[in-house]
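The values are calculated or read from the model by the stated rules, or taken from the named source; none is laboratory data. Treat the numbers as computed from the prediction; the structure is a model and nothing was measured. Note that each Cβ is placed from the backbone with ideal geometry, even for glycine, and that neighbours are counted across all protein chains shown. For the accessible areas, the whole protein counts, side chains as well, though only heavy atoms, and no ligand, DNA or RNA atoms are used. Shrake-Rupley method; radii C 1.70, N 1.55, O 1.52, S 1.80 Å.
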Amino acid sequence: QVQVVESGGGLVQAGGSLRLSCAASGGTFSTYTVAWFRQAPGKEREFVAAIYWSVGGPYYADSVKGRFNLFRASGQNTVNLQMNSLQPEDTAVYYCAAGRNYYAKRVADFGSWGQGTQVTVSS
């Protein structure tokens, strides 16, 4: 099972942008779906966006569609999440995850998880 290493995150004002990165460790993403989830205090972990590394395009939760962009950096075996037009409701701990299922969206579909990175959007 490949491991994932997250970077990025931080504090930004509403309307601003941040980029999160998820790198493969101990393997490659070549046969994995790589996803971002987020969890706000007192709420369940929710799906944000994902992409199957080898083929196809990204897919998104409705709440971030049109604002977030998920893309591969193939030479670096990394998946980046560009987050634009951030709003206070985007504040959460963001987790990268990798799993074998195609078009996966459920937490249970992913076996490898990062430690999480905090994103805070001030109003």
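For the range 41-72, the residues whose amide N sits under 13 Å from a probe point set 7 Å from the Cα of Thr31 along the beta carbon direction are 54. The residues of the range 12-87 present an accessible area of 46 Å² per residue when probed at 1.4 Å with all protein chains retained.
Of the trypsin sites (Lys or Arg not before Pro) found in the range 1-104, those that fall in a DSSP loop while having at most 15 other beta-carbon atoms within 10 Å are Lys43, Lys65, Arg67, Arg100.
Near the amide H of Ser85, within less than 5 Å, lie no amide hydrogens of residues on another chain or at least 5 residues away, with H placed in the peptide plane. Looking at the range 7-115, the GluC sites (Glu not before Pro) that sit in a DSSP loop and have at most 15 other Cβ atoms within 10 Å of their own Cβ are Glu44. Evaluating 6.51 cos²θ - 1.76 cosθ + 1.60 at θ = phi - 60° for every residue in the range 95-112, the Karplus couplings come out as 10, 8, 9, 10, x, 8, 6, 7, 6, 7, 9, 8, 3, 5, 7, 10, x, 10 Hz, glycine and proline recorded as x.
In this simple spin-label model, placing a label point 7 Å from the Cα along the Cα-to-Cβ direction at both Gln82 and Arg106 gives a separation of 3.3 nm.
Phi angles across the range 37-42 convert, under the Karplus curve 6.51 cos²θ - 1.76 cosθ + 1.60 with θ = phi - 60°, into 3J(HN,Hα) values of 10, 9, 9, 8, x, x Hz, Gly and Pro given as x.
Apolar share of the accessible surface for the range 32-123: 46 percent from carbon plus sulfur atoms, 1.4 Å probe.
Normalised size of the chain, defined as Cα radius of gyration per 2.2 N^0.38 Å with N residues, equals 0.97.
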